[in-house]
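To start, the structure itself, in structure tokens.
Every number in this text was worked out from the coordinates using simple rules, so none of it is lab data. Keep in mind that what you see is a predicted model, and the values were worked out from it rather than measured. Glycine gets a Cβ as well: all are built from the backbone with ideal geometry, and neighbour counts include every protein chain shown.
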Amino acid sequence: MDGASIDSLILKLHDVNGVKFGEYKLKSGLMTPIYIDLRVLVSHPVLMNQVANLIYKRVQEEGLQFDSVCGVPYTALPLATIICSRHELPMLIRRKEAKDYGTKRLVEGSFRQGDTCLIIEDTVTSGTSILETAEVLYKEGLKVTDAIVLMDREQGGVEMLASKGIKLHPIISISQLLRVLQAAERIDAQTAQSVLEFIRDNNTFRPKNGTDSPASKKLCVEQKLELSYSERAKLPKTGGVFIELHTHADYTLAFIQKMQALAEKHNFLIFEDRKFADIGNTVKHQYEGGLYQISSWSHIVNAHAVPGPGVVKGLSAVGKPLARGCLLIAQMSSQGSLAAGEYTKAVVQMAEEHSDFVIGFICGTKLTERPEFIHMTPGVQMQAGGDLLGQQYTTPEEVVYSKASDVIIVGRGILAASDRVEAAELYRKSGWDAYRKRVGQSSI
């Protein structure tokens with residue numbers, strides 16, 4: 001789904017007061033710093049049509065199969081009506097209360113036992129409204145496997161519905177909304193942080209084992225890592241010295257925005273070292289959704305090939321339309337790594353079969369003569385050796401000159417230096433000198 005369209009929609013929702021910040025009292029009595037009221041959409045037909053289009057686009061992207069559509073009363077009803085009318089889809093209406101005359105039905109419309117119904121909702125907190133609608137549909141003999149929501153407050157609704165066999169597909173997450181509004185200077189960092197803290201502290205879903213839900217854990221991670229990344233945030237000041245800034249999902253919303261601004265100013269790429277390693281559908285959602293919305297800001301990501309080509313297909317479905325690229329992990333710098341031999345050969349073959357999205361490899365040496373693939377090597381320091389956890393270090397000259405890799409990835413060699421700018425320049429010069437030595441001064 002087009003990230004620019006989502007960003008534009010978020011700003012428009014804020015323009016019409018569909019999203020407000022302050023102190024608001026919820027039904028539960030809790031005071032919330034954010035209030036989402038999408039009922040205003042009915043007074044803005046252009047905006048309502050835009051929302052309906054995005055919902056239907058998500059239906060197509062996910063390849064959802066269903067026999068009819070039902071909007072949760074009441075805000076989602078006009079959205080469902082527009083979608084069904086425009087695309088000639090059968091629609092059902094769920095009543096909030098049965099009539100005391102006539103058929104006394106709770107579900108209006110034509111359907112057959114065993115039909116599958118897609119539910120559409122405007123906002124999800126706990127997921128209760130969708131589940132209530134699903135249960136009414138169940139009583140009529142219908143099946144519900146999927147639901148689409150415009151706004152996910154990330155307070156446990158996705159997990160709760162999944163536990164009931166319903167997969168929720170959000171268009172916008174609360175964390176994405178905060179990032180866009182803060183980047184547009186509609187809200188400040190303190191407001192965004194207060195909303196995140198509220199969301200984290202008021203998660204509605206707890207698994208049976210009593211542990212926090214995945215959504216809650218991700219919000220907690222963001223809170224805990226703010227200080228650690230404030231130290232690391234000094235790194236981008238080296239600017240043009242870098243070909244790319246290599247991150248490890250260790251950041252806050254504010255840092256993401258600063259990082260994007262610096263990348264544009266100094267013309268470097270952002271590489272999120274996420275190391276995706278799951279089935280295609282799972283990595284697709286990890287890449288485009290969740291707390292960090294990685295696809296919206298990271299130019300390059302990487303992935304293990306262990307799951308098979310599905311991992312590339314899942315990432316490509318999100319990243320390719322955004323002109324992103326992926327590196328496959330063909331070798332690793334850790335001692336005893338199993339990423340070697342036939343495995344590495346299979347990774348190269350997988351890259352060649354998906355060269356429209358895979359741009360190269362994380363590796364220790366050059367793997368293919370095809371010029372379109374970039375070879376990037378981690379575990380680089382000025383002195384060869386290793387640490388106590390099995391990391392093996394190789395010098396820039398050995399990596400670029402002897403093993404013919406293209407790009408050196410330097411972590412602790414810069415971060416642990418007393419003068420990081422000086423260290424970054426030292427590694428840049430060392431890598432460049434090794435490249436000149438490899439190809440010959442006269443051919444540059």
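Brief remarks on what is shown
- Cross-link pairs beyond the 27 Å C-alpha cut-off, checked among 139/313; 25/164; 275/366; 57/258; 25/143: 139/313; 25/164; 57/258; 25/143
- With K and R counted +1 and D and E -1, the other residues having a Cβ less than 13 Å from that of residue 399 yield a net charge of 0.
- Net length available on complete extension from residue 366 to residue 415 is 15.0 nm, with 0.36 nm assigned per residue and the Cα-Cα distance removed.
- The range 338-379 shape via C-alpha gyration tensor axes, a/c threshold 1.5: oblate
- Taking every C-alpha pair closer than 8 Å and separated by at least 6 residues, the mean separation divided by the residue count of the range 3-218 gives a relative contact order of 17 percent.
- Among 39-51, 156-168, the order from most to least packed when residues are scored by Cβ within 10 Å on average: 156-168, 39-51
- Dividing the Cα radius of gyration of the range 15-139 by its Kirkwood radius returns 0.99 for Rg/Rh.
- All-pairs Cα distance distribution in the range 320-444, expressed in whole percent, bin size 5 Å: 2, 11, 19, 20, 19, 16, 10, 3, 0
- Under 5 Å from the amide H of residue 332 lie the amide H atoms of 339, each residue being 5 or more positions distant or on a separate chain, with H modelled from the backbone and absent for Pro and chain starts.
- Normalised by the number of residues in the range 28-125, the average gap of Cα pairs under 8 Å and 6 or more apart makes the relative contact order 30 percent.
- In the range 3-218, the C-alpha radius of gyration followed by the widest Cα-Cα span (Dmax) gives 17.5, 55 angstrom.
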